[in-house]
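The values are calculated or read from the model by the stated rules, or taken from the named source; none is laboratory data. Quick caveat, the model's predicted, so the values are computed rather than measured. Because the Cβ atoms are built from the backbone with ideal geometry, glycine has one as well, and the counts that use them run over all protein chains shown. Note: areas computed on protein heavy atoms with side chains; ligands, DNA, RNA excluded. Shrake-Rupley method; radii C 1.70, N 1.55, O 1.52, S 1.80 Å.
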Amino acid sequence: MVYAFLGRGYNVVATSRSISQAGFALSANLALVDGDIGQVATAEKLAQAAVTTFGAIDHLVNVAGVFWTKPFIEYSADDFHAFVSTNLEAFLFITQQAVKQMLRQGTGGSVTTITAALADNPVADVHASVAMMTKGGLNTVTRSLALEYARNSIRFNAVAPGEVDTPLHKETPKDNMRARSPMGAIVEVKDIADAVVYLTEARYVTGEVLHVDGGAHVGRW
């Protein structure tokens, strides 16, 4: 995602718990902030870094997320709190900071959030019910905020991936991943980045949940 936006000439503030160790080359167009995005202090540092370094916040991409599966009755309180911290509180804290700054600037902007196709199309043998409580919430808040801030020209959209070829699925057989897609193909990281870039630049698209899952969200196949 960082490389996609840098390649299009954007100034980027990137974060993760150890983003400074991720191997990014030093650049006048890139600022790195280490921190847990589920903490208010990290969101404040990010917003301050964007305004101090680049003078504005025009777009926000909420990428951070955690995911694992268990039968519903086996999820613990710690599991639930981890999902809420990274998937929901992270969205809340940084999006509030970004929207406040966009309102000060008065020139609009956009927020694009990564959710999940499973939130709309559960699969019987993928026991992701508690994780999807949070991802479904992100879809809902995206649509609500799209209307709340439409007159301020601040757009809210989401990208809902299916199974993507990332380290999360390093142990998943490729044939199994292909079987989860009606197109019989494996989604790559670039496909998700391309969708996010599109929504960031689509001036009149708001309240959209764009599925990048080979059609899995449509139903059974």
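Before moving on, here are some points about what is shown:
- Entry note, the chain: the mean residue ellipticity at 222 nm calculated from DSSP H runs of n ≥ 4, each adding -39500 (n - 2.57), is -11500 deg cm²/dmol after division by the residues and rounding to the nearest 500.
- Between 0 and 90 degrees, the angle of helix 189-201 with respect to the longest Cα principal axis of the chain falls at about 50 degrees.
- Share antiparallel - DSSP beta bridges, region 1-143, percent rounded to 5: 0 percent
- Packing-based ranking, highest mean first, of 156-165, 67-76 given that Cβ atoms within 10 Å are counted: 156-165, 67-76
- For a paramagnetic label modelled on residue 198 (point 7 Å from Cα along Cα→Cβ), amide N atoms under 13 Å away belong, within region 153-178, to 158-161.
- Summary of the geometry: region 156-178 and region 1-38, compared by the centres of their Cα atoms, lie 23 Å apart.
- Between 0 and 90°, nearest 10: helix 40-54 axis offset from the chain longest Cα axis: 50 degrees
- For the chain, modelled as a GNM whose springs connect Cα atoms under 10 angstrom apart, the maximal fluctuation among 66, 197, 13 occurs at 66.
- Globularity index of region 4-132, i.e. its alpha-carbon radius of gyration over 2.2 N^0.38 Å: 1.19
- A 1.4 Å probe run over the protein chains yields, for the chain, 54 Å² of accessible area per residue, whole-number rounding.
- Checking (1) 12.5; (2) 16.4; (3) 14.1 against the coordinates, the calculated mean projected area of the Cα convex hull in nm² falls under label (1).
- Three principal axis extents describe the C-alpha atoms of region 129-207; from largest down they are 47, 29, 22 Å.
- Mean-square fluctuations from a GNM of the chain, with a 10 angstrom spring cutoff on Cα atoms, peak among 48, 97, 21 at 21.
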